[in-house]
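A short write-up of the structure that comes next.
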Amino acid sequence: MSEPAKILIVDDSKVFRSILEKMIASIPGVQVVGTADNGMAALEFLKTHHVDLMTLDVEMPGMDGLATLKRMLASKAELKFTPDTLMVSSLTRTGSDITLKALECGAFDFIAKPAPEIPNSQESLHRMLNTTISAWVSRKNRGMVTPARSSTSGGGTIHPVAGTTASTGFTFTLAKPSVHTKQIQAIVIGVSTGGPKSLADMLPKLCSMTTLPILLVQHMPPNFTKSLADSLNAKCTHTVVEGLPGTVVEDKTVYIAPGGCHMVVNSRGTKFVLDNNNDPPENGCRPSVDVLFRSAAQAYPPDSLVGVILTGMGNDGTPSLQYLKNKNAYLIAQDEESSVVFGMPRAAAATGLLDKVATLTRIPEAILERVNLGRK
């Protein structure tokens, strides 16, 4: 039986530290080994204590969560351990901006503090902590917590027929090749845990290689998707925006589903138009990848879509893959080695519907292989 994962809680609120400590202590496979009320105290603790995961408050006086994370990563030689980091953020725009930067720096994931006035906020927080930390524990026990290769430079793999992941032995088989002759009109992407850093690494390269519109679902609450769009917009040659109702889909643009609502695409004559709705969550998610994928399969003509599933927990996106495949869409998923969490790509690969599985560095090339088939 493996040793429990050791967790340090960092938050400037004594009340919230107590709440987190109680909730985290109830999660199997973990042990709270300390708390700190500021970033400097956390860094001092890490000089002498074994810590596997640190929950880090985003907004703290003096040294905020981002500054603490950067200092920790720059001080590895002085610290006994440099743990994986789970950001704990308010739902404010300031909190979301700092959180996005922390995720791009390498934080494992984040959870948002529910507003106290929201009904069942404590239950919601406990559920988020349990889901996120349990997934992290499972991945840690397989020696796979930190993604090793997520930059846009270097090598990578595109699996041409089938593959087996060395770390877990998961075996997948790709779909039988089909004929693709039509031009691609859009790329649809679903991503969750590990998404902000993965997108920051992959999306600029993809945008430099194609003018096609990209419709994207990243599991995030309101404000966070706006921060994500602004951050990616500064990195990409495409314009990156939230996909709002009535927006006509255009080339050289990335549309991100707004946090807290589903994004769909509809055909209107020769145009494609976005809409949002507050239908119930699917796979526990709103926005949901499945909602976008199904609408795209219905709106776009056959043989005109590329669908991509990147790193994330759960299986959002997989139930709708058959809809896309029925329209002869070209389907790609990220491989286990480069995924922060292999849940969503693994579920997709297990269907046998995928055309390619590739490392993050090679996803753009895998997409372009299909795009080039439709060029006249």
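A few points about this structure:
- Scanning the range 280-289 for residues that are under 24 Å from S227 (Cβ atoms) and assigned to a loop (DSSP other than H, G, I, E, B), we see that the one that is modelled with the lowest pLDDT is G284.
- Only one of the numbered conditions (1) within 27 Å of K113 (Cα to Cα); (2) among the hydrophobic types (A, V, I, L, M, F, W, C); (3) assigned to a helix (DSSP H, G or I) is violated by L203, and that is (1).
- Single residue of the range 1-26 satisfying the filter (among the β-branched types (V, I, T) and more than 26 Å from the chain's Cα centre (by Cα)) that is surrounded by the most Cβ atoms within 10 Å (Cβ to Cβ): I19
- Qualifying residue in the range 135-145 (condition: in a loop (DSSP other than H, G, I, E, B), surrounded by 19 or more Cβ atoms within 10 Å (Cβ to Cβ) and either modelled with pLDDT under 65 or not assigned by TED's automatic domain parsing to the domain that holds K205 (or both)): yes
- Options D303, D316: the member that is of a type in the set (D, E), at pLDDT 95 or above, more than 30 Å from K113 (Cβ to Cβ) and not in a strand (DSSP E or B): D303
- Considered as a group, the residues in the range 112-134 that are assigned to a loop (DSSP other than H, G, I, E, B) and modelled with pLDDT under 80 include one that is nearest to the chain's Cα centre (by Cα), and that residue is P114.
- L292 being touching a Gly at 6+ places or on another chain (Cβ under 9 Å) and under 23 Å from K205 (Cβ atoms): yes
For every residue, the table says whether it meets (1) more than 26 Å from A200 (Cα to Cα); (2) out of contact with any Phe, Trp or Tyr (no Cβ under 9 Å at 6 or more places or on another chain); (3) crowded, with 23+ Cβ neighbours inside 10 Å.
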residue	(1), (2), (3)
G29	yes, yes, no
M40	yes, yes, no
E44	yes, yes, no
T48	yes, yes, no
P61	yes, yes, no
R71	no, yes, no
L100	no, no, yes
L103	no, no, yes
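- When the range 311-342 is filtered for residues that are over 15 Å from S198 (Cα atoms) and under 14 Å from the mean Cα position of the chain (by Cα), the ones remaining, listed by number, are G314, N315, D316, G317.
- Candidate set: the range 262-279, residues that are in a loop (DSSP other than H, G, I, E, B) and not acidic (D, E); chosen: the one nearest to the chain's Cα centre (by Cα): N278
- A count restricted to the range 54-95 and to residues that are in a helix (DSSP H, G or I), at pLDDT below 85 and either closer than 20 Å to L20 by Cα or of a type in the set (V, I, T) (or both) stands at 1.
Per-residue answers, yes or no, for (1) in contact (Cβ under 8 Å) with a residue 60 or more places away in the chain; (2) outside any strand (DSSP E or B); (3) in contact with a Ser or Thr (Cβ under 9 Å, 6 or more places away or on another chain):
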| site | (1), (2), (3) |
| --- | --- |
| L244 | no, yes, no |
| E250 | no, yes, yes |
| G260 | no, yes, yes |
| F293 | yes, yes, yes |
| A297 | no, yes, yes |
| T311 | yes, yes, yes |
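- Failed condition for G190, given (1) within 25 Å of C261 (Cα to Cα); (2) outside any strand (DSSP E or B); (3) at pLDDT 90 or above; (4) not β-branched (V, I, T): (2)
Residues are listed down the side, and each one gets a yes or a no for (1) surrounded by fewer than 21 Cβ atoms within 10 Å (Cβ to Cβ); (2) under 19 Å from K101 (Cβ atoms); (3) touching a Ser or Thr at 6+ places or on another chain (Cβ under 8 Å):
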site: L203; (1), (2), (3): no, yes, no
site: H219; (1), (2), (3): no, yes, yes
site: T239; (1), (2), (3): yes, no, yes
site: K271; (1), (2), (3): yes, no, no
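The values are calculated or read from the model by the stated rules, or taken from the named source; none is laboratory data. Remember, it's a predicted structure, so these values are computed and weren't measured experimentally. Note that we place each Cβ from the backbone using ideal geometry, even for glycine, and neighbour counts take in every protein chain shown.
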